[in-house]
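K.L.:
Dropping a structure here in structure tokens format, bear with me for questions.
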Amino acid sequence: MGAAAAGIPVGAVLLYGLARGLSSAFGELRTALFAKVAQNAIRHISVKVFENVHKLDLAFHLSRQTGSVSRTMERGTRGINFALHSLLFNIIPTGIEITLVTGILTYQFGPSFGMVALATVGAYAFF
């Protein structure tokens, strides 16, 4: 009994280490897969903006500083990357989770429980 009891904490620590390692690995995999999608979207939009800038008349280009246009384009691409990342990994999964929890509570305990859960989340988001 003593050896089996001592093996349980060791096994739990090893499983914890494995879970942490897999969590990091899946996070890196998610980032690698997202990078390809995000870069394709950013490249497509950047090409459109670049083509639009080239179509502008000469007076626009003479009155602007070249660095400010490229800096604005860079900020725009970083903003697109941030928006895509936030939507895909934070906002959409949270919305799905809230919808599922509200649906389960409504199904199991009635509409009042679902509405209370939804109102609680809404109040938390508001304040």
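K.L.:
Based solely on C-alpha atoms, express the radius of gyration and the Dmax of the range 1-54 in angstrom.
P.N.:
Cα-based Rg and Dmax for the range 1-54 come out at 23.3, 79 Å.
K.L.:
Based on DSSP H runs of at least 4 residues, each adding -39500 (n - 2.57), what is the mean residue ellipticity at 222 nm of the chain after dividing by all its residues, to the nearest 500 deg cm²/dmol?
P.N.:
Helix-only estimate at 222 nm: -32000 deg cm²/dmol.
K.L.:
Checking the a/c ratio against 1.5 first, then a/b against b/c, what shape does the Cα gyration tensor give for the range 66-127?
P.N.:
Cα axes put the range 66-127 in the prolate bin.
K.L.:
I would also like to ask the following. Test of understanding: in a Gaussian network model of the chain with alpha carbons linked when under 10 Å, which of PHE89, PHE34, PHE109 would top the mean-square fluctuation ranking?
P.N.:
Sorting by GNM fluctuation, first place goes to PHE109.
K.L.:
Just the number, please: Stokes-Einstein D of the chain in µm²/s, Kirkwood Rh from C-alpha pairs, 4 °C, 1.567 mPa s.
P.N.:
The Stokes-Einstein estimate is 64 µm²/s.
Every number here is computed from the coordinates shown, using simple stated rules; none is lab data. These numbers were taken from a predicted model, which means no experiment stands behind them.
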